[in-house]
Amino acid sequence: MAPFGDAKLFFGIFFIVCCLTVTMAEVAVDCCLSVKNRELDKRLFVDYREQAKGCTIDATILVTRLGKQLCVPTKEEKWVQVVMKHVDHLKKICKKLNYKSKRCTGMKPE
């Protein structure tokens, strides 16, 4: 009886490991397919983030006050740096004002 019990335990653990491996391999990554390299008004944006490293193109994702996401070139572009600096400054101001100012519309509290 003991050999069958060991085999059942082995195959049970093997099955669980295989299922976890398949599940982890299917994690979707949200990637930009193209970027807009057109200078935009910095006041439109309330957040930004770098795109995941597993994507084919390097990009920065800017988030508008309405929650829309826009793919733009990496932060090496001068105008993207200006937008990022503005967003960081806006986050500091809004945090001090408890996100109650009109200029904080669309910002999510950190």
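Could you tell me whether the range 79-101 includes any residue that is out of contact with any helix residue (DSSP H, G or I) (no Cβ under 8 Å at 6 or more places or on another chain) and among the small types (Gly, Ala, Ser)? No, there is no match, as no residue in the range 79-101 is out of contact with any helix residue (DSSP H, G or I) (no Cβ under 8 Å at 6 or more places or on another chain) and among the small types (Gly, Ala, Ser). The set of residues in the range 72-110 that are within 18 Å of Ile61 (Cβ to Cβ) and aromatic (Phe, Trp, Tyr) contains only Trp79.
Scanning the range 72-87 for residues that are open to solvent by 50 Å² or more (accessible area, probe 1.4 Å) and part of a loop (DSSP other than H, G, I, E, B) yields Lys75, Glu76, Glu77.
Candidates in the range 40-71 are the residues that are in a loop (DSSP other than H, G, I, E, B) and within 22 Å of Cys104 (Cα to Cα); of these, the one that is most open to solvent (accessible area, probe 1.4 Å) is Leu66.
Just to be sure before I move on: is Thr105 out of contact with any helix residue (DSSP H, G or I) (no Cβ under 8 Å at 6 or more places or on another chain) and hydroxyl-bearing (Ser, Thr, Tyr) in the structure I sent? So Thr105 passes the test.
Against the conditions (1) in a helix (DSSP H, G or I); (2) modelled with pLDDT of 90 or more; (3) open to solvent by 70 Å² or more (accessible area, probe 1.4 Å), Ser34 satisfies every one except (1). All of (1) closer than 14 Å to Met107 by Cβ; (2) open to solvent by 50 Å² or more (accessible area, probe 1.4 Å) hold for Leu90 with one exception: (2).
The values are calculated or read from the model by the stated rules, or taken from the named source; none is laboratory data. The structure displayed is predicted, hence computed values, not measured ones. Cβ: placed from backbone, ideal geometry, glycine included. Neighbour counts: every protein chain shown. Heavy atoms of the whole protein, side chains included, go into the accessibility calculation; ligands, DNA and RNA do not. Shrake-Rupley method; radii C 1.70, N 1.55, O 1.52, S 1.80 Å.
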